[in-house]
Amino acid sequence: MYRPIPLEEVIAAMPKKRQEAIAKRGAELVARVRHRMTLAELRKGRKISQATVAEALGIGQMQISRLEKRKDPRLSTMARTVAAMGGHLTLIATFPDQEPVVLVASQLGEKPKRGAKRA
C-alpha cells in the first residue's frame, strides 16, 4: 500500500553535503522573505529618484514624497509605485501555524463588475 514519505526522511537519506546545501538555500529564501523595506528604501536601493517615479506615474514629485511618508498607503497605490520602479508587488500572508501564503493580486482591491451579484 502507498504511504507518503515525510520530507525529513527523504532529506535524511541524502548525502551530508546535499543536506547542508538544502539547509543553506532554505535559510537564504527565508531571509529574503523576512527582509523588509519601506517604499523610500526600495526606491533609493534601486537608485531611482522621486522625480523619476513621479514622472512614470504622471504625478508630482511632492506626491511621491508624501506617499513615502504615509503610514497606511492604499494597496493599489503601492502596486502602481512598485510597477513604476520596474517591479511587481506581491503580498505574503504569514501565520504562526502554516507556511507563508502569497495573496493573488488580481483579487485584491478588485471592484465588482456592474450588474454582478455579490457573493
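General observations
- Hey, SER106 modelled with pLDDT of 90 or more and small (Gly, Ala, Ser) or not: no
- From the list ARG34, ARG43, the lone residue that is surrounded by 10 or more Cβ atoms within 10 Å (Cβ to Cβ) and basic (Lys, Arg) is ARG43.
- Pair list, Cβ under 7 Å, 6 or more apart: segment 25-52 residue farther than 22 Å from LEU91 by Cβ, other residue among the hydroxyl-bearing types (Ser, Thr, Tyr) and outside any loop (DSSP other than H, G, I, E, B): GLN50/SER65
- Restricting attention to segment 68-104, the residues that are part of a helix (DSSP H, G or I), over 14 Å from the mean Cα position of the chain (by Cα) and over 15 Å from ARG43 (Cβ atoms) total 0.
- Only one of the numbered conditions (1) among the acidic types (Asp, Glu); (2) closer than 17 Å to VAL82 by Cβ; (3) surrounded by 11 or more Cβ atoms within 10 Å (Cβ to Cβ) is not met by GLU20, and that is (2).
The values are calculated or read from the model by the stated rules, or taken from the named source; none is laboratory data. Model, not experiment: these values are computed from the prediction. Cβ sites come from the backbone with ideal geometry, for glycine too, and all protein chains shown count toward neighbours.
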